[in-house]
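The values are calculated or read from the model by the stated rules, or taken from the named source; none is laboratory data. In this text the structure is predicted, and so the values were computed from the model without any measurement. In this analysis, Cβ positions are derived from the backbone assuming ideal geometry, glycine residues included, and neighbour counts consider all displayed protein chains.
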Amino acid sequence: MAGFAVRNPQNQIVKPYQWQATADYTDQVSPGGYYSVCIDNQFSRFAGKLVNIYITVVKYDAWDKYAKEIEELQLNLQNFTVTLGTVERNINDMLNYQSYSRNREARDFALLNDNNGYIQTFSICQIAVIIVACSIQVFFVRKLFDVKLSSKSRI
């Protein structure tokens, strides 16, 4: 608890001194100037106090304008939130598409390697078959034209 008192710019006490835990003061019309605020801690000199002072100035003629600005900001904030949600969805869609493309690329690369191995094996087998077939043909063609000399003549 502490003692509170407020004096207006005309040096009149507008909130008399009272020992309270919290206090507030409202002035309806103010000509402007310096207010004096007294916060007293005389009854508990050795105890620490935390004092928060909040000063709010409200001009009621500007209050409607302020309320409209807040409503517009709320609408802008909602539009901004919707836009951020759309951007986040689009980014997630792009990330999903990139992941799909990477998986498809990995699958295509594996298929390419498998096809290459299959074609290479099949080609080596075909080369071996062609070499064997050529060798057999050469052997039989040579055998066909091979002339054996015999002691008997046919004429």
Next item on the list: Can you run down the residue pairs with Cβ atoms below 7 Å, 6 or more apart or on separate chains, where the first is in region 29-56 and acidic (D, E) and the partner is surrounded by 10 or more Cβ atoms within 10 Å (Cβ to Cβ) and at pLDDT 75 or above?
Entry: D40/A2; D40/G3
Next item on the list: Starting from region 116-137, keep only residues that are in a helix (DSSP H, G or I), then list their pairs with residues that are surrounded by fewer than 10 Cβ atoms within 10 Å (Cβ to Cβ) and basic (K, R) whose Cβ atoms are within a distance under 6 Å, requiring at least 6 positions of separation or different chains.
Entry: none
Next item on the list: Considering (1) at pLDDT 85 or above; (2) of a type outside the set (K, R); (3) touching a Pro at 6+ places or on another chain (Cβ under 6 Å), say which one G33 fails and leave the rest.
Entry: (1)
Next item on the list: Would you be able to say whether some residue in region 44-61 is assigned to a helix (DSSP H, G or I) and under 30 Å from M1 (Cα atoms)?
Entry: yes
